[in-house]
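**Q** A single structure is presented below for examination.
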Amino acid sequence: MDDPREPIHAPNPGRGDALLIVNTFGLRPRWTSPGYHAGEVIEDHTHDPWSTWAKESRADYCVASLRKTLPIPDGGMLWSPVGLPLPEAPDITTSHEAAATRKLEAMIIKSLFLSGYQLGKTTYRSLAEDGETGISSKEISAIIPISAVVVECFDITRWRQKRYANYRLLADQLADCKELSVLQLKDQGSCPFSVVLVCQSSSTREHLRHGLLARRVYPAVLWSLEKPVLELPSKSIELSRRLLSIHCDGRYNESDLVRVADAVFESLS
Ligand SMILES: Cc1ncc(COP(=O)(O)O)c(C=O)c1O
């Protein structure tokens with residue numbers, strides 16, 4: 001992972017090359033596809049499929065996983081802003097349907113838990129893990145019917161606004177925290193994926209992570225680069241060790257975010 005705060009400097013893809021640009025955390029300064037290029041430019045808008053950048057893109061192809069920003073167990077989309085041909089939509093496969101249904105069951109259990117029901121975590125974990133393994137298979141499939149229904153009728157605008165409001169709230173609450181900074185939005189047409197904390201050191205990050213877990217706040221490490229597939233600059237690995245992501249999507253309300261901010265300050269005191 002390169003530094004999401006920096007503008008992207010990407011080479012012009014040559015014939016037979018594909019250049020993949022990721023709007024990491026929905027926080028990247030906007031990037032404009034080069035005019036003439038022999039290869040293909042693909043943009044990944046998973047972290048904010050409704051950004052102005054995604055809407056106005058001139059890339060050859062854009063992709064987005066939808067399950068990262070919408071409350072659905074599976075689903076992604078592919079489009080070509082410049083009108084290049086797209087593959088036929090696939091049929092649903094039996095194995096995908098079974099796996100995504102397991103994920104959906106896990107989501108329902110978690111939702112009941114968050115609503116205050118006292119449920120064990122064992123069933124949740126095994127459904128979530130089995131489902132994730134199943135939908136990660138290389139087989140291409142359509143999404144399950146319930147996901148298609150949610151995409152069609154869900155109030156995406158309101159859900160995205162809530163994420164943005166939650167991001168602002170937590171970022172403002174943590175503005176005075178000396179041990180960390182919050183990755184800031186560069187492009188006003190974007191909505192951040194999560195509140196990304198940049199700690200002063202990797203040991204502060206680990207201290208904070210343990211402190212939050214002890215207070216039943218579950219941050220994410222996006223992403224560990226300890227076993228990279230490709231060779232990476234050491235500054236990328238160093239940065240990844242200092243990052244901690246706090247979910248701020250529409251499941252959470254103002255009091256949840258205030259509790260998280262308190263937990264951050266308590267953990268670091
Ligand atoms: C930027 C980005 N693109 C794509 C994906 C893959 O999403 P999925 O697992 O739904 O295919 C992820 C997953 O974290 C991601 O962060």
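**Q** Would you mind listing the strands (runs of 3 or more DSSP E) fully within segment 1-84 where at least 2 residues are buried (at least 17 other Cβ atoms within 10 Å of the Cβ)?
**A** 18-22, 40-44, 61-65
**Q** Among the listed residues Thr46, Thr32, which satisfies the condition of being within 16 Å of the ligand (Cβ to nearest atom) and of a type in the set (S, T, N, Q)?
**A** Thr46
**Q** I need the full set of residues from segment 164-195 which are assigned to a strand (DSSP E or B) and under 24 Å from Glu56 (Cβ atoms), in order please.
**A** Passing the criteria: only Ser194.
**Q** In this structure, is Cys191 closer than 27 Å to Ile8 by Cβ, among the hydrophobic types (A, V, I, L, M, F, W, C), more than 16 Å from the ligand (Cβ to nearest atom) and out of contact with any Cys (no Cβ under 7 Å at 6 or more places or on another chain)? Spell out the reasoning first.
**A** Numbers: closer than 27 Å to Ile8 by Cβ: yes; among the hydrophobic types (A, V, I, L, M, F, W, C): yes; more than 16 Å from the ligand (Cβ to nearest atom): no; out of contact with any Cys (no Cβ under 7 Å at 6 or more places or on another chain): yes.
Against the criterion (closer than 27 Å to Ile8 by Cβ, among the hydrophobic types (A, V, I, L, M, F, W, C), more than 16 Å from the ligand (Cβ to nearest atom) and out of contact with any Cys (no Cβ under 7 Å at 6 or more places or on another chain)), Cys191 does not qualify.
**Q** So, in segment 126-142, how many residues would count as being outside any helix (DSSP H, G or I), over 19 Å from the mean Cα position of the chain (by Cα) and either within 13 Å of the ligand (Cβ to nearest atom) or at pLDDT below 95 (or both)? Don't jump to the end; show me each part of the working.
**A** Keep residues of segment 126-142 that are outside any helix (DSSP H, G or I), which gives 136-142.
Next, only the ones that are over 19 Å from the mean Cα position of the chain (by Cα) stay: 137-142.
Now restrict to residues that are either within 13 Å of the ligand (Cβ to nearest atom) or at pLDDT below 95 (or both): 137-141.
Here the count works out to 5.
**Q** Could you tell me which residue of segment 143-156 is nearest to Ala98 (Cα to Cα), considering only residues that are among the β-branched types (Val, Ile, Thr) and assigned to a loop (DSSP other than H, G, I, E, B)? Explain how you work it out, then say what you get.
**A** First pass over segment 143-156, keeping only residues among the β-branched types (Val, Ile, Thr): 143-144, 146, 149-151, 156.
Filter once more, so that each one left must be assigned to a loop (DSSP other than H, G, I, E, B): 143-144.
Working: Ile143: 11, Ile144: 9 Å.
Ranking the candidates gives Ile144 first.
**Q** Okay, moving on. Being more than 27 Å from Val264 (Cα to Cα), buried (at least 19 other Cβ atoms within 10 Å of the Cβ) and of a type in the set (S, T, N, Q) narrows it down to one of Ser137, Ser147, so name that one.
**A** The conditions single out Ser147.
**Q** If you take the residues of segment 196-231 that are within 16 Å of the ligand (Cβ to nearest atom) and in contact with a helix residue (DSSP H, G or I) (Cβ under 9 Å, 6 or more places away or on another chain), which of them is nearest to Arg30 (Cα to Cα)?
**A** Val196
**Q** May I pose another question? Pairs needed: first member in segment 257-269, in contact (Cβ under 8 Å) with a residue 40 or more places away in the chain; second member anywhere, buried (at least 20 other Cβ atoms within 10 Å of the Cβ) and among the polar types (S, T, N, Q); C-beta distance under 9 Å; at least 6 residues apart or different chains.
**A** Leu257/Asn166
**Q** Could you list, in sequence order, all residues of segment 128-168 that are in contact with a helix residue (DSSP H, G or I) (Cβ under 8 Å, 6 or more places away or on another chain), within 21 Å of Ser111 (Cα to Cα) and among the acidic types (Asp, Glu)?
**A** Listed by number, the residues that qualify are Asp130, Glu132.
**Q** Of the residues that sit in segment 24-62 and are of a type in the set (Lys, Arg) and either at pLDDT below 95 or under 20 Å from Pro13 (Cβ atoms) (or both), which one is nearest to the chain's Cα centre (by Cα)?
**A** Filtering segment 24-62 for residues that are of a type in the set (Lys, Arg) and either at pLDDT below 95 or under 20 Å from Pro13 (Cβ atoms) (or both), the one nearest to the chain's Cα centre (by Cα) comes out as Arg28.
The values are calculated or read from the model by the stated rules, or taken from the named source; none is laboratory data. Everything numeric in this text was worked out from a predicted model, so none of it was measured. Backbone-built Cβ (ideal geometry, glycine too); neighbour counts: all protein chains shown.
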